[in-house]
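Contents: one structure, followed by commentary.
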Amino acid sequence: MLKKLRKTISVIVLALSLYGLISNNNEVLPFAMAGLAILMVVMGAEERQKNRKSYRSYLFFAVSLFLILVSIEGFIY
């Protein structure tokens, strides 16, 4: 189930990014960042489900936290 969710979110983020790039509309950027944060959380959850003893899941969660903060800052300003 996480694999389908990851692919769906990836397509949505790609579509938002391409729309912002083609139309030169920077107001879409916080939504793309929030989508990337959700994508990183899903990828971290996938790594945790695989029971891997690596740092990658922690890295995904840390990057998603940073992206959430950046997207909130983008929504405010």
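Derivation of every value follows stated rules applied to the coordinates shown; laboratory data play no part. Because the structure is a prediction, the values reported are computed rather than measured. Neighbour counts are summed over all protein chains in view; Cβ atoms, including those assigned to glycine, are modelled from backbone coordinates with ideal geometry.
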Residue span LEU69 to ALA15: 0.36 nm per residue of separation minus Cα-Cα distance leaves a gain in nm of 17.3 nm
Here the stretch 30-39 yields Karplus 3J(HN,Hα) values (6.51, -1.76, 1.60; θ = phi - 60°; whole Hz; Gly and Pro given as x) of x, 5, 5, 5, 5, x, 5, 5, 5, 4
Among (i) -0.48, -0.91, -1.09; (ii) -0.43, -0.91, -1.23; (iii) -0.63, -0.87, -1.05, the value of log10 I(q)/I(0) by the Debye sum over Cα atoms at q = 0.14, 0.21, 0.25 Å⁻¹ computed for this structure carries the label (i)
Rounded to the nearest 0.05, FRET efficiency between LYS3 and ASN24 (Cβ-Cβ, R0 25 Å) equals 0.15
